[in-house]
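The values are calculated or read from the model by the stated rules, or taken from the named source; none is laboratory data. Quick caveat: nothing in here was measured; it's all calculated off a predicted structure. For neighbour counting, all protein chains shown are included, and Cβ atoms are generated from backbone atoms with ideal geometry for every residue, glycine included.
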């Protein structure tokens, strides 16, 4: 099984009280480090939402379809898709992209498992290094 490098970012952010669905989705994505301040047009958020909509109908989308639906360049879509894939949120099959799972709660469960596997590996490496230096 090939090793897949993932960048897992978790930001402990206060959940907005009594927020709209849009604000909840923004908070969730921000908490996962998906969206940043440099993305002035919220392109990554918009791509995430489009993939979330596509998940309801189990329809993967190509970068061209995403670009056309969102009025973005294909290069912008690919840039953000790459970041979403790196974080483990999005996967691809050929030239079509979709969310890793079909609901957000399961997505968080899967990310938690990824994080736990990463921490287990770090813990083992730390133990080996401690042994090597006699700690």
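Structural remarks
- Qualifying residue in the stretch 116-123 (condition: in contact (Cβ under 8 Å) with a residue 40 or more places away in the chain and within 13 Å of the chain's Cα centre (by Cα)): no
- Residue within the stretch 95-104 that is loosely packed, with under 11 Cβ neighbours inside 10 Å and either closer than 25 Å to residue 74 by Cβ or not assigned by TED's automatic domain parsing to the domain that holds residue 49 (or both) present: no
- Matching residues in the stretch 14-33 - criterion: being in a helix (DSSP H, G or I) and in contact (Cβ under 8 Å) with a residue 60 or more places away in the chain: 28
- In summary, residue 36 fulfils each of the numbered conditions (1) under 22 Å from residue 112 (Cβ atoms); (2) surrounded by fewer than 12 Cβ atoms within 10 Å (Cβ to Cβ); (3) free of Cβ contacts under 8 Å to residues at least 40 places away in the same chain with the single exception of condition (1).
- Test: residue in the stretch 64-77 that is surrounded by fewer than 14 Cβ atoms within 10 Å (Cβ to Cβ) and closer than 30 Å to residue 14 by Cα: no
- Residue 125 meets each of the listed conditions (1) surrounded by fewer than 16 Cβ atoms within 10 Å (Cβ to Cβ); (2) within 24 Å of residue 24 (Cα to Cα); (3) modelled with pLDDT of 95 or more apart from (2).
- Listed by position, the helices (runs of 4 or more DSSP H) contained in the stretch 34-96 that have at least 3 residues being within 18 Å of residue 111 (Cα to Cα) and in contact with a strand residue (DSSP E or B) (Cβ under 9 Å, 6 or more places away or on another chain) are 43-56, 74-86.
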